[in-house]
Amino acid sequence: MNAISDISSPAETAWRIQPQGDRCLIVAFGDQIDAAIGRTCLAAARKLRDAGLPGVTDVVPSFVAVAVHYRPDGLGNGPTYADLAERIEALLADGIAADNAAGREIDVPVCYGGDYGPDLQDVAKAAGLTPDEVIGLHSGPRSMVFMLGFAPGHAYLGVHDEKLNLPRRASPRTAVPAGAVAIANRQTVIYPNRLPGGWHIIGTTPLTMFDPARDPAAYLQPGDSVRFVPITPDEFERLREARP
């Protein structure tokens, strides 16, 4: 374990490198969802991508770690775990600079409640809040996109107020519509397509979250700062009809 300069403060933070199968290694920076750890993961991932390490096929940041995928050729010519871990250690020991180019500020319109957010009332009851208070907590502060996962363009955002720290639904849905905005464990996910899911649906966005013909295909990217903007059903339908 080594220490590096945190990208947001002079305090030291630690990392741990470990194998994940025979074609991936994990660089772990913590064990809890935290914005500072998330930003460190994003900056470390960019540094590792920019290094162009031989044999590395993908670098994927998550909440607390960065996955580095690589391709050994089986003939001794590709990278080994030991060699790659040593190179990554050297890169990280050189420091991780804040990535000022990353992180767009994006507004995401959301129609809350009713048919658009069928779980809003239950969430409010479980949290001891009114539906309007839930909407205020969700749409007030900006939320950081920590990672994409589970499905293409499936964004994970947070970290929300402790009052929104609800477990996932006891009975997951077999199909959640595209655009559904759902919460659990102080996080939000936005379903890019019709998918199964066990999160509490509190609203829906008319935006297209994933389009293979778009560059980039995913509307949200790790590091983006999102503000959820409450809209009416009429505004929702108008925005949906205006989509290309």
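Close Cβ contacts (under 7 Å, 6 or more residues apart or on different chains) running from residues in the range 226-244 that are among the hydrophobic types (A, V, I, L, M, F, W, C) to residues that are not in a strand (DSSP E or B) comprise Val226/Arg142; Val226/Leu220; Phe228/His138; Phe228/Ser139; Val229/Ser139; Phe236/Tyr116; Phe236/Pro206; Leu239/Pro206.
Here Ile33 clears all of (1) open to solvent by less than 70 Å² (accessible area, probe 1.4 Å); (2) out of contact with any Gly (no Cβ under 7 Å at 6 or more places or on another chain) except the condition numbered (2). When restricted to residues that are over 19 Å from Pro109 (Cβ atoms) and without any contact (Cβ under 8 Å) to a residue 40 or more places away in the chain, the range 213-225 contains 3. If you go through the range 37-80 and keep only what is more than 23 Å from the chain's Cα centre (by Cα) and open to solvent by less than 30 Å² (accessible area, probe 1.4 Å), you end up with Leu53, Gly78, Pro79.
Scanning the range 128-142 for residues that are at pLDDT below 95 and touching a His at 6+ places or on another chain (Cβ under 9 Å) yields one hit, Pro141. The single condition from (1) without any contact (Cβ under 8 Å) to a residue 24 or more places away in the chain; (2) open to solvent by 50 Å² or more (accessible area, probe 1.4 Å); (3) within 21 Å of Gly197 (Cα to Cα) that Ala175 fails is (2). Could you say which residue among Leu164, Leu129, Leu157 is outside the structural domain of Ala45 (by the TED database) and within 10 Å of the chain's Cα centre (by Cα)? Going through Leu164, Leu129, Leu157 in turn, the sole match is Leu157. Screening Glu89 against (1) at pLDDT below 95; (2) assigned by the TED database to the domain that holds Pro216; (3) under 25 Å from Ile26 (Cβ atoms); (4) of a type outside the set (Ser, Thr, Tyr) leaves a single unmet condition, (2).
Summed over the range 109-144, the residues that are in contact with a Ser or Thr (Cβ under 8 Å, 6 or more places away or on another chain) and open to solvent by less than 10 Å² (accessible area, probe 1.4 Å) give a count of 6.
The values are calculated or read from the model by the stated rules, or taken from the named source; none is laboratory data. Quantities reported herein were computed from a predicted structural model and do not represent experimental measurements. Glycine gets a Cβ as well: all are built from the backbone with ideal geometry, and neighbour counts include every protein chain shown. Heavy atoms of the whole protein, side chains included, go into the accessibility calculation; ligands, DNA and RNA do not. Shrake-Rupley method; radii C 1.70, N 1.55, O 1.52, S 1.80 Å.
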